[in-house]
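Asks: Following this message is one structure expressed as structure tokens.
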Amino acid sequence: MIANPILRGFHPDPSIVRVGDDYYIATSTFEWFPGVLVHHSRDLVHWRPLTSILTRTSQLNMEGNINSGGTWAPCLSYHEGTFYLIYTDVKSRMGAFKDTHNYMVTAEDIMGPWSEPIYLNSSGFDPSLFHDEDGRQWFVNMIWDHRKGTNSFAGIILQEYSKEERRLIGPKRNIFRGTSLRLTEGPHLYKRNGYYYLLTAEGGTQYEHAVTMARSRHIEGPYEVDPANPILTSAGKPELELQKAGHASLVETQNGEWYMVHLVGRPVKDKLCMLGRETAIQRCHWTEEDWLAVDGGANPQAVVQAPKLPLHPFQAEPGLDHFDRAELGLQWSTLRIPASPDWLSLTARPGWLRLWGQESMSSTHRQSLVARRQQSMFCEAETAMEFRPEHYQQMAGLILYYDTRDYVYLRVTHHEEIGVCIGIIQSINGVYNEILDSDIPLGEGAYRLKVRLEREKATFMYAVQDGEWNKIGPELDVSHLSDEYGDYIRFTGNFIGLCVQDLSGERNYADFDYFQYKEHEEPSLNE
């Protein structure tokens, strides 16, 4: 059996491809760098993080990108010895307009090297590439209509891609304007038994999210809608463990079995999903009428029958990082900018991570922040840090970070009257607050910092040198670190990280000896 989600924590918009006996899933990374994380499996049961694709600023330059901008909805495919990745770099998304630039990179090996990007278009997001049997390649994306009184999700545009000219060619055709669920996006094309199948996401990526299907004998259409739509959704079923099901991708196994990967959300309370949108999988079958159906019905199942493939487990990812490797591990991401020697070093002090302070937690440009996804509702993280701040504009510590407006930060700084001290900063929807009435004096030296998360509750602790842990501040409600909080939808889930700020521009640094992430038993949401 397969336990869902298969990719826990922030891993949305999955695109799956099989190459021989290997399965790969690419997921969105938004403003986190590097762009597009790939997971690998041999059995659809066990998955491991394998590589990141967009590792250079020449492929993805996100400095200044808005919150929940960056890489949206990648499409990973393989054709005649070449991997193709199609992705969007979203520069703006607020109000009437969307600035969404679509690119392609290629590689002969999933591990790279990946090419420099080919620019394709900017007419909408969720781009996808289909390789037809006759050798032609077709590009689809949703098209955005900013005009007053229109359906801004204006349909799915089809255009041919020329491999020789390295650009889109020929007419643009709107092949599908969607169903009554509206908000049509996430298109993927497939071909089977003479039909072109267009799989789309509809209903919006929140609690009305759904997967719908249409088909045609001709790639340009017209497309008929599956009378059983939506073929997958959690809408109207608040009792389901897996909510927000939608944005799907299909794969056929070596044995002719079909599976659908799709995003889901698991709320920590009410409808707030701190873990972001995760990836789940469903087993599918084809009906006598040549429509795709999900085994067990159109609602996502938490446990799914595995395919008839040999089990292939991987070694568990270590939760403890001593920073003794030449590069950061795949569990780590940086915010908008790559991990470059001008602000981050693993060699300046071997066995330590050194971060030089840059801009504030509100910056969309250059933050010195290294973080990993929160992947369990019950977990804790711990670090040891050496830091010598000289004034209050210098800070370093352990942070729960959603975006520039929402974070909770256990930070060490300096106060004119009490010297080096520790306190908690919380920003909720952009409103800054200091949790303690006054910061706690520390004295100079090394400090250990810890946070424990239990659903929406966070408890912070600190210790001086190797002393005992001291609880600091009250138990905090951190459910604002979720996709649904605030006045505009967000997409990234919560991260746990290490960061340094030097708002004076003097570039003071902090050294981190280790980072440990532990998960605790996660009871059912129904308990």
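Every number in this text was worked out from the coordinates using simple rules, so none of it is lab data. Small disclaimer: the values here were computed from a predicted structure and weren't measured. FYI the Cβ positions are ideal-geometry reconstructions off the backbone, even for glycines, and counts take in every protein chain you see.
Asks: If contacts are Cα pairs under 8 angstrom and at least 6 residues apart, what is the relative contact order of the stretch 320-519 in percent?
Replies: For the stretch 320-519, the relative contact order is 31 percent.
Asks: Same structure, new question: Straight-line reach from LYS172: which aspartates and glutamates fall under 17 Å, measuring Cα to Cα and dropping same-chain residues less than 8 apart?
Replies: ASP126, ASP145, GLU160, GLU185, GLU220
Asks: Mind pulling up the Rg/Rh value for the stretch 246-396? Radius of gyration and Kirkwood radius, both on Cα.
Replies: 1.10
Asks: Something else: How large is ³J(HN,Hα) for each residue in the stretch 48-58, as worked out from phi by the Karplus curve 6.51 cos²θ - 1.76 cosθ + 1.60 (θ = phi - 60°), to whole Hz, x for Gly and Pro?
Replies: Per-residue couplings from phi come out as 9, x, 10, 6, 10, 9, 9, 10, 10, 5, 5 Hz.
Asks: Return a whole-number percent for the relative contact order of the stretch 283-420, with Cα pairs under 8 Å and 6 or more residues apart as the contact set.
Replies: 14 percent
Asks: How high is the relative contact order of the chain, in percent, with contacts defined as C-alpha pairs under 8 Å that are six or more residues apart?
Replies: In percent, rounded to a whole number, it is 14.
Asks: Please report the orientation-averaged projected area of the stretch 320-519, defined via the convex hull of its C-alpha atoms, in nm².
Replies: With the hull built on Cα positions only, its mean projection is 10.5 nm².
Asks: Going down the table (LYS237/LYS450; LYS91/LYS163; LYS244/LYS457; LYS269/LYS518), which pairs top 32 Å between alpha carbons?
Replies: LYS237/LYS450
Asks: Another one. Ignoring solvent entirely, what values of log10 I(q)/I(0) come out of the Debye formula for the stretch 163-242 at 0.17, 0.24 Å⁻¹ when each Cα is a single scatterer?
Replies: Taken in order of the listed q values, log10 I(q)/I(0) reads -0.73, -1.13.
Asks: Taking amide H atoms as placed 1.01 Å from N in the peptide plane, list the residues 5 or more away in sequence, or in a different chain, whose amide H sits under 5 Å from that of LEU232.
Replies: Hits under the 5 Å cutoff: VAL211.
Asks: Quick query: amide H of VAL264 versus all other amide H atoms, modeled in the peptide plane; which residues come in under 5 Å with a sequence gap of 5 or more or a different chain?
Replies: GLU278, THR279, ALA280
Asks: Need one word for the stretch 13-239: rounded, prolate or oblate. Basis is the Cα gyration tensor (sqrt eigenvalues a ≥ b ≥ c); a/c below 1.5 gives rounded, then a/b vs b/c decides.
Replies: It is rounded, given that a/c, with a ≥ b ≥ c, falls under 1.5.
Asks: When the Karplus curve 6.51 cos²θ - 1.76 cosθ + 1.60 is applied with θ = phi - 60°, which whole-Hz ³J(HN,Hα) does each residue of the stretch 113-124 get, with x for Gly and Pro?
Replies: Here the 3J(HN,Hα) series is x, 8, 5, 5, x, 9, 6, 10, 6, 9, 7, x Hz.
Asks: Then there's this: Which chymotrypsin sites (Phe, Trp or Tyr not before Pro) does the stretch 1-96 hold that lie in a coil by DSSP with at most 14 other beta carbons within 10 Å?
Replies: none
Asks: For a quick check: with amide H placed at 1.01 Å from N, whose amide H comes under 5 Å from CYS273's, ignoring anything fewer than 5 positions away on the same chain?
Replies: Amide H neighbours of CYS273, under 5 Å, 5+ apart: VAL268, ASP483, GLU484.
Asks: When you count, for each residue, the other Cβ atoms within 10 Å and take the mean per peptide, how do 333-342, 257-266 rank with the highest first?
Replies: In decreasing order of mean packing, 333-342, 257-266 become 257-266, 333-342.
Asks: Each residue of the stretch 320-326 in turn: what ³J(HN,Hα) in whole Hz from Karplus with 6.51, -1.76, 1.60 and θ = phi - 60°, glycine and Pro shown as x?
Replies: Here the 3J(HN,Hα) series is 10, 10, 8, 6, 10, 9, 6 Hz.
Asks: Can you pull a Stokes-Einstein diffusion coefficient for the chain at 20 °C (1.002 mPa s), Rh from Kirkwood over Cα pairs, as a whole number of µm²/s?
Replies: 90 µm²/s
Asks: Something else: Looking at the stretch 368-468 from every direction and averaging, what is the projected area of its Cα convex hull in nm²?
Replies: 6.8 nm²
Asks: How many nm is it between the label spots at ARG56 and LYS271, if each spot is 7 Å from the Cα in line with the beta carbon?
Replies: Output for this residue pair reads 4.4 nm.
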